[in-house]
Ligand SMILES: *Cc1c(COP(=O)(O)O)cnc(C)c1O
């Protein structure tokens, strides 16, 4: 029996009829851009997250870009973000002509290290992007204190952590703006691209909503330059169907993670991801650290045993070719980031994983380590 890293069909096929009904209803309505489905989806998301405003957008990447645009980030500005993240976090900073400045992360949570971030601050620093990596919140008390000490704006990249909590508050609603992704591999996976921006600030919500549609208001009048960052009505309708099942998806991921922790907890040679006290981890990834330089060996062993696994992320941002001209801007040690890039391996944790499949993953890892 093969165990894939993710099985979108196992999630979508059981609700195929509901998804088809949603498709039919959009087809019937003839309304494909914005409209009621998008508005209702936004209202459901704002309610779920406890955010003042939710703005549906075209992807998680566009959500970050739009959030930074709403804050007026521009050429000459510096924005601090972790080096250990998906490319979009840093790419959006660079696309605005600003400079991403990379900080290190903690070896236990994989999330950004604010001591390291402190070494990155200059007069030009305008904002910081905490990334809630793999489903767990950054320490947002430390983050917000850091931002207020240095006068920085805060955009939370919550692409992997929709519904994860930091002491009861939803990730993405603590900073000025939060961004989310509905890429199929995210916890709320759409049938295509999609994203969301949330904020509690009425002014920022207004700007973000205008920027999403070419900065247009009223029709054909443009006070600012935006883009087409709209979420499709069809995608919103499909996401609304999937969102009805979201709490069970999250719960199954949490159960799967707990099972791995129980079964793999005593294994010599791998370190398990840690869940911080008072945080609610939603396990977008279950990421091991493989010791003694054996990561690639374990990866090959799992793949040969028919078990999907992946390295998130093999090349940190400060080592990306497109950012090589920024090496002078590396102001802090990125040693933990470099180390994690050599050690991490994510194993299947998706909600529909069966116990048999998990046992197979566990025994493949145990046999490799013994
Ligand atoms: C997936 C992801 C994004 C980008 O989301 P898309 O919807 O794929 O554009 C941004 N940041 C992080 C941390 C991500 O994991």
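We did not get these values from a lab; they are worked out from the coordinates using the rules stated. Because the structure is a prediction, the values reported are computed rather than measured. Positions of Cβ are backbone-derived with ideal geometry, glycine not excepted, and every protein chain shown enters the neighbour counts.
How much length, in nm to one decimal, is gained on full extension between residue 24 and residue 40, taken as 0.36 nm per residue of separation minus their Cα-Cα distance?
Answer, rounded to one decimal: 4.1 nm.
Hey, rough spin-label estimate for residue 319 and residue 274, points 7 angstrom out along Cα→Cβ, what's it come to in nanometres?
Modelled inter-label distance: 2.4 nm.
With 10 angstrom as the radius, rank 309, 81 by how many other C-beta atoms surround their C-beta, starting from the fewest.
The most exposed by this proxy come first: 309, 81.
Would you kindly calculate the translational diffusion coefficient of the chain, applying Stokes-Einstein with the Kirkwood radius from alpha carbon pairs, for 10 °C and a viscosity of 1.306 mPa s, and quote it in µm² s⁻¹ without decimals?
Details: Rh = 21.2 Å.
Taking Rh from Cα pairs, D becomes 75 µm²/s.
Sort 356, 21, 104, 139 by Cβ crowding within 10 Å, fewest neighbours at the top.
356, 21, 139, 104
Would you calculate a helix-derived [θ] at 222 nm for the chain, using -39,500 (n - 2.57) for each DSSP H run of n ≥ 4 and dividing by the full residue count, to the nearest 500?
Numbers: 13 runs with 144 residues, N = 370.
Theoretical 222 nm ellipticity from helices: -12000 deg cm²/dmol.
Find how many whole Å separate the alpha carbon centroid of the stretch 258-310 from the alpha carbon centroid of the stretch 10-24.
When both Cα centres are located, 32 Å separates them.
Using Cβ contacts closer than 10 Å as the measure, can you line up 201, 24, 62, 232 from fewest to most? Before the final figure, lay out the partial values.
On the way: 201 14, 24 11, 62 25, 232 21.
Result, fewest neighbours first: 24, 201, 232, 62.
Quick check: the distance between the Cα centres of the stretch 326-370 and the stretch 187-204, to the nearest angstrom?
The two parts, judged by their Cα centres, are 27 Å apart.
Which FRET efficiency, nearest 0.05, do residue 292 and residue 95 yield, Cβ-Cβ r, R0 45 Å?
Numbers: r = 40 Å, r/R0 = 0.88.
Calculated transfer efficiency: 0.70.
Name all residues of the stretch 276-317 having a backbone nitrogen under 13 Å from the label point set 7 Å from the Cα of residue 258 along its Cα→Cβ direction, giving them as ranges.
Taking a point 7 Å out along Cα→Cβ of residue 258, the residues of the stretch 276-317 whose backbone N falls under 13 Å are 281.
Using per-residue counts of other Cβ atoms within 10 Å, averaged over each peptide, order 122-131, 140-149, 191-200 from highest down.
Per-residue mean Cβ counts within 10 Å order the peptides as 191-200, 122-131, 140-149.
Could you compute the FRET efficiency for residue 370 and residue 338, with r as their C-beta to C-beta distance and R0 at 35 Å, rounded to 0.05?
With a Förster radius of 35 Å, E is 0.75.
Looking at the stretch 247-369, what % of the alpha carbon pairs are farther apart than 18 Å? List each step's numbers first, then the result.
Values: 4270 of 7503 pairs.
Taking all Cα-Cα pairs of the stretch 247-369, the fraction more than 18 Å apart is 57 percent.
For the residue pair residue 356 and residue 31, what label-to-label distance in nm results when each label sits 7 Å from Cα along the Cα-to-beta-carbon direction?
4.6 nm
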